[in-house]
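Since the structure comes first, as structure tokens, the remarks are kept for the end.
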Amino acid sequence: MNRRIIITLFAALALASCIKNDLPKPVVDLYIASLDVEGTSGDVVIDRSTYTATIPLAEETNIEAVKFNSVTYGADVVTNVSYDADASKIVASKELDGKVINMSQPEYIALSYFQTFEWKIVATQHINRMWSVDGQIGATEWDLEGHRAIVRRRSDRDLSNVVTDTLRFGPTSVYSYPSKGEVPTNFEKEEVWPTLTINGETLQDVSVRVATVTVSAFDNAPVVWKLVVVPTLAEPEFKHISAGANVIWVKANAIDGSKILFKYRKMGEEGWVETKESWYSNESNPYNRTETGFVKAVIRGLEQNTEYEVQGWAVTQLEDGTTSEIPSKVFSVTTSQHYQMPNSDMENWCKEGPCWYPGSSVMDLYWGTGNPGGTSLGESYNLTTPAYKSVNSENVSADSKGTTSAYMGSQNVLNMKFAAGNLFVGYYGETLGTNATVYFGRPLAQDTKPVALRFKVKYQRGTINCIGNKDLEGKRGTNDLTKIFICLTEWSAPHCVNSADPTTFFDPRTAKGVCGLGYFDSDNNPELVVEHTDEWHTMTIPIEYSNPEAVASYIVLTFTCSGYGDYFTGSSSSWMYIDDVELLYDLDDSNQPM
């Protein structure tokens, strides 16, 4: 939702006895600071960039009667006017404390100070609904508005005996519905529907079979649901085939009663190569996680910039002991080329005036830092600098082929504002007083899908002693946050962050347009935090693709030793060295990047 701000204009009555005041009113950003709601399944997410608060409700919570225990508000001055905002003066358009609200639709509240800001409060609720049958093909399609559950079932199975394997419309503590043994089994009566959309595909004049069940929840009026069976030929159906430089991601509908196999070959060759068992998906594999209703695999060990053919096979053991093998169509796909980021070995640096830049020339930079802003106060405020092996052998990892690494350190500038040491793909924009604009991301000249990011690193997490945002006061005295992330995006331009405007801050885990993400922070990825962080070690961060078919147009990569730096919060004792940054494109048989 776009930021909504309503500036109220006051008509001035000219009275001779009044003193004219030409001082501008400050712009005070008003926000929901906290929201305590009963029946949640996680933390309420307050997004100041979109003026939206999202409440994740538990399955057992009646979304039409949500109890709001308390809500608090905050105020930040966002202009340069010298003014201390007082949150107690905020006027809300409605009282929410202690209210029971129907959250099936968004709730809107206006907060007023000098200006008025409209906030939207939305509730999300994931109810784990299940219906599966014997002989099912692919995943169940849930049409919540039409109250329909739709499955495709092998057409070689008897429609007079459709066995329900699983059935769940919600938690039985608040939902009432038949047991799976009470669901009708006879689906012989045919209906022809003009159109039906299932698994993203719209079908015309579809032959379906329908049964009904009655469901009620929270003592509301019962609802009749249609259970729809679509007889379908049991052949492999690909959902996507997408190539990186040395791997191909494949995904096809699962078929109950059949094993789905994938085979591949280089274009022009005769024999097919069968995908190894270890290449198929599993729940813990960040490169290829299990997905209900589908069979997935990552074919690997391929040559870059080469055309391959891929085919699926549905293998079924028949009652007479023979085997039926039904092939899919043959699909072709071409692998991409390797791509490495310029100056990723951190060997090239240049200096212009007091400012250090990570590149051989300021006219041809790929990496950015906050140095242009810091050095406006003096050369000592280069937070990111080259670290030379010739000065100290420990500045570069012993197994590095180079002689230079990137060093970044955080500090409290002039005891006024905390500045985080950082290194990122992108560029510095402009200095705006004690704030700045920074642009994250560089365009990709080719479609590239690395499977991991690997680099050499050593770092120190100091104790947070600088708080620039009152909402982070609780972090004082805790370990600073080391943060590193890489993402591939479908953007048309780099992302601009204005340090004075929290609505522009970027979280790759929730940002729009991110199709591939590798993420590490020292609080949430304990498996990657080594015991002795102040010693050089190699770190590998897997890149997980939410959509392997997407063609990324931008690459974003950020290193920072103070992850709350956007909020001018962190430790003046935190530092980090980075060297030999590399994108990896292949996996071994154990799902390790190589």
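Bear in mind that the values in this text are calculations on the coordinates, not laboratory data. If you're wondering where the values come from, they're calculated on a predicted model, not measured in any experiment. Cβ placement follows ideal geometry from the backbone for every residue including glycine, while neighbour counts extend to all protein chains displayed.
Provide the convex hull volume over Cα atoms per residue for the range 130-232, in Å³.
Convex hull volume per residue, Cα atoms: 98 Å³.
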- Message: Given axes a ≥ b ≥ c from the Cα gyration tensor, I'd like to know whether the range 236-334 is rounded (a/c under 1.5), prolate (a/b larger than b/c) or oblate.
- Response: oblate
- Among residues other than Glu60 whose Cβ falls under 14 Å from its Cβ, what is the net charge (Lys/Arg +1, Asp/Glu -1)? -2
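Are there chymotrypsin sites (Phe, Trp or Tyr not before Pro) in the range 515-594 that DSSP marks as loop and that have at most 15 other Cβ atoms within 10 Å, and which are they?
Passing both the DSSP loop test and the Cβ count: no residue.
Calculate how large, on average over all directions, the projected area of the Cα convex hull of the range 350-584 is; give the answer in nm² to one decimal.
In nm², the orientation-averaged hull projection of the range 350-584 is 12.8.
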- Item | 10 °C / 1.306 mPa s Stokes-Einstein diffusion coefficient of the chain, Kirkwood radius on C-alpha pairs, µm²/s | 56
- Would you kindly state how much longer the chain becomes between Lys89 and Gln460 on full extension, computed as 0.36 nm times their sequence separation minus their alpha carbon distance, in nm to one decimal? 129.4 nm
- Counting only trypsin sites (Lys or Arg not before Pro) that are in a DSSP loop and have at most 14 other C-beta atoms within 10 Å, tell me the longest site-free stretch of the chain. 100-188
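Please identify the GluC sites (Glu not before Pro) of the range 223-310 that satisfy two criteria: DSSP loop assignment and at most 15 other Cβ atoms within 10 Å. Which are they?
Listed in order of number, the matching sites are Glu269, Glu270, Glu283, Glu291, Glu303.
Provide the packing ranking of 358-366, 133-141, i.e. peptides ordered by the mean count of other C-beta atoms within 10 Å per residue, highest first.
My ranking of the peptides, most packed first, is 133-141, 358-366.
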